[in-house]
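Below you'll find the structure, written out as structure tokens, and then a few comments.
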Amino acid sequence: MGIIDFRFRPNTAETVDGIKNSAMFKDLCGAIGFDRMKAQSLDEIIAGLRKNKVERAVITGRDCETTYGSASNNPSVEAFVAACPELFVGFWGVDPHKGMSGLRALSEAVAQRGFKGAAIDPYLAKIPASEARFYPFYAKCCELGIPVVVTTGPASFVPGAVIEHVAPRHIDTAARDFPELRIIVSHGAYPWVGEMIMVAQRNRNVFLEISEYERFPQSEAYVQAANTIIPDKLLFASAHPFVDYRDAIATYKELPFTDAVRPKVMRDNAAGILASLP
């Protein structure tokens, strides 16, 4: 069975060093022992993905220059996609505080640079996903026919991050205001497990992946929901290199998905989203 990984970043030396030394994730790296992640060449990474039957890998960009002073990593995403376009899919990282210049950059990224979606980080932008500054970007995504990845999770150890900014209720508001916008919730909006399940169930345009939280308390409800009320909504994602994608694949082999749902989670649900991209 082929696999589509909806949250992946190649663990090149530049990427690994950048994560270790970032203003946002330095403390988190220390807490999870990120030093164990070994850097590889891009050729080695691509060969490993193919060996493990990963057909496509979505790489989400990040731009939090306004709030954290960190340069956008969108150029590196573009370089990865250019190096292996049949494997990597790039999503442009959005800084909502950049206004019209940010909107123009997103349009150019899709029209001229091969990007296939957008990505936002409400907890790094320090505003909730339903805040007005995101709305022009949602509208632009609808106009361009592209989805948006909304990064959630508790943002543990990230300085200044407010957990309320990634609560599913804000995503529900945005999803209902923009019914044409396909939203992929990254990290499953943990710890609001039940609320996130209901937001995905009641909004046809909302999908989720639960990378990093598959073994956390109450996470069994995500699997139960996939097996029952949202079989077409849950996507596999590894969050590599924070979690080695091979370890994530092994975890999903152990999770009790039904035989009918497992291929949907590992590949088919994501394939449906990617097939509709411009």
I need the shape label for region 1-102. Rule: rounded when a/c is under 1.5, else prolate if a/b > b/c, else oblate, with a, b, c from the alpha carbon gyration tensor. oblate
Arranged from highest to lowest average of other beta-carbon atoms within 10 Å per residue, in what order do the peptides 212-225, 114-127, 145-158 appear? 114-127, 145-158, 212-225
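Calculated from DSSP H runs of 4 or more alone, at -39500 (n - 2.57) each and per residue, what is the 222 nm mean residue ellipticity of the chain, nearest 500?
Computed mean residue ellipticity for the chain: -11000 deg cm²/dmol.
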What does the charge count around E254 come to, taking other residues whose C-beta lies under 10 Å from its C-beta (Lys +1, Arg +1, Asp -1, Glu -1)? +1
By the gyration tensor of its Cα atoms, with a ≥ b ≥ c the square roots of the eigenvalues, what is the shape of region 73-122: rounded for a/c under 1.5, prolate for a/b over b/c, or oblate? prolate
With respect to the cross-link table entries K140/K264; K26/K126; K26/K253; K20/K253, which display a Cα-Cα separation exceeding 21 Å? K140/K264; K26/K253; K20/K253
When ligands, DNA and RNA are left out and all protein chains stay put, how many square angstrom of accessible area per residue does the chain have with a 1.4 Å probe? 41
Under 8 Å for C-alpha pairs, at least 6 residues apart: give me the relative contact order for the chain, rounded to a whole percent. 19
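The values are calculated or read from the model by the stated rules, or taken from the named source; none is laboratory data. Note that this is a predicted model, so its numbers are computed, not measured. When we count neighbours, we look across all protein chains shown, and the Cβ atoms used for this are built from the backbone with ideal geometry, even at glycine. Each accessible area value is taken on the protein alone, full model and side chains, heavy atoms only, with ligands, DNA and RNA left out. Shrake-Rupley method; radii C 1.70, N 1.55, O 1.52, S 1.80 Å.
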